[in-house]
Amino acid sequence: MTNSLPKYVLLTIGAILLMIAGASVGPTGTAAAPLMALTDTAEPATRTPTSVPVLTNTPGPTNTPRPTATREPSSKPDLADPAITKESSVSEAKIGDEITFTIRVTNNGPGTAEDVVVTDPIPDYLDVIEATTTSGDVSSSGRTVIVTIGKVHAGDEVTIRIRVRVNERAQPGNGRNTVSLATSSPGDNSSNNGSEVTFVILGPATPTVPALTPVATPTATPLPPVILPPTGAADDTSSRVLLFAALGMVALLLSLFFRRKARD
């Protein structure tokens, strides 16, 4: 009896617990979820590791290294500065005198001067005799001498010479002549694109020797040859013969004269 008492006690406690559980659920109650459902009793799922963005030292806009710029050839021509000077061979001249103008074109660089043209309008009291250049072509328009040079490299020099003669239109006083230069090169300094020379015209005019007009020479009519008496030793012989003949006549006349005188 004493051994079965704990057994009955345990049964009684179990029945009481079942009744309490049935009373708490009710007839329509849903059985309480097992404790395993409230806790993470399911098989452990394989968790996919959450990828954490790795922070790298990505340079920002200010830290982005700039690409090395490749320098392309410039489409603009190099800058050039052609210049011009002019000199006169004389400081004074009269009508009829010649003057030589020497014009020099240089390029101060640094690039090559393009389309260089020199223009020299000659005054009406100067007549152009000759114009030459060491580079380019020489032409004229009226009384203006035009020298088309073209390209002038840096450091090069082109020499132009113009020979003129002072004509009768010149008046005593100061004479002047101006030359100018034009180019299509950028960077040209226009202050050295012109040059002027001055000279004094004196009076009166320098006498000039007129050109000789050829005179027609009449054709001579040939004369018949003249036969001259022989000269030299033959002349002496004939003279002596005549002299002796004359002396003989004189002697004959004297003898006749003295004979007649004696008879009388």
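Values as computed for the structure displayed
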item: Qualifying residue in region 210-229 (condition: modelled with pLDDT of 75 or more and either touching a helix residue (DSSP H, G or I) at 6+ places or on another chain (Cβ under 9 Å) or not β-branched (Val, Ile, Thr) (or both)); result: no
item: Count of residues meeting criterion [at pLDDT 60 or above and either in a loop (DSSP other than H, G, I, E, B) or more than 29 Å from residue 92 (Cβ to Cβ) (or both)] in region 180-209; result: 14
item: Residues satisfying the stated conditions in region 104-148, i.e. over 19 Å from residue 85 (Cα atoms) and of a type in the set (Val, Ile, Thr); result: 128, 129
item: Residue among 97, 78 that is out of contact with any Leu (no Cβ under 8 Å at 6 or more places or on another chain), acidic (Asp, Glu) and modelled with pLDDT of 95 or more; result: 97
item: Residue match in region 135-152 (condition: modelled with pLDDT of 95 or more, among the hydroxyl-bearing types (Ser, Thr, Tyr) and outside any strand (DSSP E or B)); result: yes
item: Region 73-131, residues that are touching a strand residue (DSSP E or B) at 6+ places or on another chain (Cβ under 6 Å), farther than 22 Å from residue 198 by Cα and without any contact (Cβ under 8 Å) to a residue 24 or more places away in the chain; result: none
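The values are calculated or read from the model by the stated rules, or taken from the named source; none is laboratory data. The structure displayed is predicted, hence computed values, not measured ones. Methodologically, a virtual Cβ is constructed for each residue, glycine included, from the backbone with ideal geometry; neighbour enumeration extends over all protein chains shown.
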